[in-house]
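Worksheet: the structure to be examined is printed underneath.
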Amino acid sequence: MEMRQQKDAGGAVLHFKYFDGIYFPPNVIGDVKTHLDAIKNLKHKDGDVLLDTFPKTGTHWTFEIMHMLVTGKAEYYPEKTLALEFEPIEKLDNLESPRVHTSHLFPQHIPQSLIDNKSKMVYVFRNPKDTAVSMHSFMKILNVELLQGYESTWDNYIESYMNDKVPYNSWCEHVKAWLDFQKSHPGLSILFIAFEDMKKDLRRSVQKIAEHLELKHSPEFLDKVAEKCQFINMSKGKTCAEETKMGVGGKNPFYRKGDVGDWKNYFTVAQNERFDVFLKENMADIDLDIKYTL
């Protein structure tokens, strides 16, 4: 592992822990390698499932849905979402079953026990333009070690985003890695679900996730989960002091707008044209229905 800095055109700096070809956030535990090795060897518990995402594509939102489904209780998780790469392995080991393991990890770094036991997996993807907007906002209000005070303008940030100078490299690389992983592991059950589909019809998406996890719940319970997890309800009703401390000025950095198409308020015509060229060059092998508006 090595510490790296990436400066945008205006001089704003992002700090990374670089390992195995991936730009990890600086708050990943330790030297990265030791922690990833421990994650790889995480012991299996009955009911383990995995939620994986590229950052700012609906991670916390989907975690709440999956947590309610696996526990059978339409109640918000009382703590912050525990992502594999940011939590001590002892804490992950001590979580009671059933566990919803959450991460932004590339597939080569997920627990081997999930693969060996054919655990159910969910991968949420969101259109890369809204993802870029959400990540820029997130980075500017995040208040954790080496990630405070990121002052990049949108114009400079979008250049970094198109040059893979953001956490976890790039949207295209991350999504493609998981699609390739699915192809190379046909025995695993991985649900790819679009953020935009969840936004359009959350009740249907909740049922789709429940069916994928092979969990039988009454229609009334699924109704409750969908209602509790409507983005506007969750952003107001989900309170967690530990998450709030991670945002500048007491803002919870994990819940912003949750809109589809907000990118139109940020991209200039020229930026959008260049971004479309960037996507055309990098999305040839990404066979997903990407929705930029509803």
(message) Going residue by residue through segment 97-105, is there one that turns out to be modelled with pLDDT under 95 and either within 27 Å of residue 14 (Cα to Cα) or among the hydrophobic types (A, V, I, L, M, F, W, C) (or both)?
(response) no
(message) Here are the criteria: (1) touching a residue at least 40 places away in the same chain (Cβ under 8 Å); (2) part of a helix (DSSP H, G or I). Tell me which single one residue 208 does not satisfy.
(response) (1)
(message) Six or more apart or on different chains, Cβ atoms under 8 Å: show the pairs whose first residue is in segment 46-73 and closer than 20 Å to residue 214 by Cβ and assigned to a helix (DSSP H, G or I) and whose second is modelled with pLDDT under 95 and among the hydroxyl-bearing types (Ser, Thr, Tyr).
(response) 63/77; 63/81; 64/76; 64/77; 67/77
(request) Please find, within segment 79-94, the residue that is nearest to residue 110 (Cα to Cα) out of those that are outside any helix (DSSP H, G or I) and without any contact (Cβ under 8 Å) to a residue 40 or more places away in the chain. (result) 83
(request) Please work out which one of (1) touching a residue at least 24 places away in the same chain (Cβ under 8 Å); (2) buried (at least 20 other Cβ atoms within 10 Å of the Cβ); (3) farther than 24 Å from residue 283 by Cα is the condition residue 234 fails and give its number. (result) (2)
(request) Restrict the check to segment 163-176 and report whether at least one residue is on the phi > 0 side of the Ramachandran plot and in contact with a Pro (Cβ under 7 Å, 6 or more places away or on another chain). (result) yes
(request) For segment 177-195, indicate whether the set of residues that are modelled with pLDDT of 95 or more, touching a Phe, Trp or Tyr at 6+ places or on another chain (Cβ under 9 Å), under 30 Å from residue 151 (Cβ atoms) and not aliphatic (A, V, I, L, M) is non-empty. (result) yes
(request) Give me a count of the residues in segment 237-266 that are part of a loop (DSSP other than H, G, I, E, B) and either modelled with pLDDT under 60 or surrounded by 11 or more Cβ atoms within 10 Å (Cβ to Cβ) (or both). (result) 16
(message) Considering only residues that are under 22 Å from residue 159 (Cβ atoms) and in a loop (DSSP other than H, G, I, E, B), which ones fall in segment 267-285?
(response) 267, 268, 283
(request) Output the residues belonging to segment 200-228 that are of a type in the set (S, T, N, Q) and out of contact with any strand residue (DSSP E or B) (no Cβ under 7 Å at 6 or more places or on another chain). (result) 207, 218
(message) I need the full set of residues from segment 164-178 which are over 14 Å from the mean Cα position of the chain (by Cα), over 14 Å from residue 5 (Cα atoms) and in a loop (DSSP other than H, G, I, E, B), in order please.
(response) none
(request) Collect the residues in segment 7-25 that are surrounded by fewer than 16 Cβ atoms within 10 Å (Cβ to Cβ) and closer than 27 Å to residue 151 by Cβ, keeping them in residue-number order. (result) 7, 9, 10, 11, 13, 18
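The values are calculated or read from the model by the stated rules, or taken from the named source; none is laboratory data. Here the structure is a predicted model, which means the values were calculated and not measured. Cβ atoms come from the backbone with ideal geometry, glycine included; neighbour counts cover every protein chain shown.
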